[in-house]
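Report on the structure given below.
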Amino acid sequence: RGEGLFPKYIDRITALDPQFEYPYLLGILMMPRQGQMQEAAAIAERGMRALPENWQIPFYLGAQYHIVARDTARALRYITLAAQKTSAPPLVKQMQAIYTTQIGQFSAARGFFAVMHETAKEEETKRIAREWLDRLDQIEALQGAVQRFAARFGRFPVSVGEMQERGIIQEIPSDLKN
């Protein structure tokens, strides 16, 4: 009955004070779960224009695109905007690298994680970046193995085990066993 009022309230509040961050964040966090993703995105866009150095508005919009809309490419677009802000915490750059991996841009993801590993001050951040670099190594090795299998046998393998049985790989990576 009053579903359409919330975006109007956010509009009015932000028209009165465009620099007031809280209404933008509230709208971004609440509206997508009510089926108002487009309205939340419009509010976020206005917030990003009004508060161009704010990393939270694009970050939370990106998170909503990922969680609610299941749109990883659009999520990455906004997470990338957030990561470019000087005030963004290291976690935002980690999320950018993870989303980049999820959409299959492995070389870009490798670059993000390599920079993160080299520049991080916290050991935990270095460890996480190293783990992701190792995962990307495994993905690239398996992609190469699949391509070699297809070139040799004229088809893609049915399983990783088949690539081992046919001598394409020596052993199955530990996280793929079972």
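The charge dipole of the chain, taken about the Cα centre with unit charges on the Cβ atoms of Lys, Arg (+1) and Asp, Glu (-1), comes to about 380 debye, rounded to the nearest 20. Solvent exposure of the chain amounts to 60 Å² per residue of accessible area, where only protein heavy atoms count and the probe is 1.4 Å. For the chain, the alpha-carbon coordinates run over 68, 43, 26 Å along the three principal axes, in decreasing order.
Note on region 7-164: dipole from Cβ charges, positive end direction compared against Ala83, Ala145, His66; the farthest Cα belongs to Ala145. Simple spin-label estimate for Ala50 and Leu26 gives 1.2 nm between the two label positions (7 Å along the Cα-to-Cβ direction from each Cα). The trypsin sites (Lys or Arg not before Pro) of region 40-114 that meet both conditions, a loop assignment by DSSP and at most 14 other Cβ atoms within 10 Å of the site Cβ, are Arg70. Computed over every Cα-Cα pair of region 85-144 and binned at 10 Å starting from 0, the pair-distance distribution P(r) comes out as 24, 56, 18, 2 percent.
Summed over qualifying helices (DSSP H, 4 residues or more, each -39500 (n - 2.57)) and divided by its residue number, the chain shows a 222 nm mean residue ellipticity of -22500 deg cm²/dmol. Of the GluC sites (Glu not before Pro) found in region 30-66, the ones in coil according to DSSP and having at most 13 other Cβ atoms within 10 Å of their Cβ are Glu53.
The distance linking region 4-25 with region 108-140 is 38 Å (Cα centroid to Cα centroid, whole angstrom). Quick check: at a probe of 1.4 Å, how many percent of the accessible area of the chain sits on carbon and sulfur atoms? Of all accessible area on the chain, carbon and sulfur atoms account for 55 percent. Divide the volume of the convex hull around the Cα atoms of region 1-77 by the residue count and you get 70 Å³ per residue. Compute the acute angle (0 to 90°) between the alpha-carbon long axis of helix 21-30 and the principal axis of greatest extent of the alpha-carbon atoms of the chain; round to the nearest 10°. Value to nearest ten degrees: 60. Angle of helix 5-16 to the longest C-alpha principal axis of the chain, folded into 0 to 90 degrees and rounded to 10: 70°. As a ratio to 2.2 N^0.38 Å, the alpha-carbon radius of gyration for region 133-178 is 1.09.
The values are calculated or read from the model by the stated rules, or taken from the named source; none is laboratory data. Note that the structure is a prediction, hence the values are computed from the model and not measured. No Cβ is skipped: glycine too gets one built from the backbone with ideal geometry, and neighbour counts run over all protein chains shown. Ligands, DNA and RNA are stripped out before the accessible areas are found, and what is left, the full protein with its side chains, is counted by its heavy atoms. Shrake-Rupley method; radii C 1.70, N 1.55, O 1.52, S 1.80 Å.
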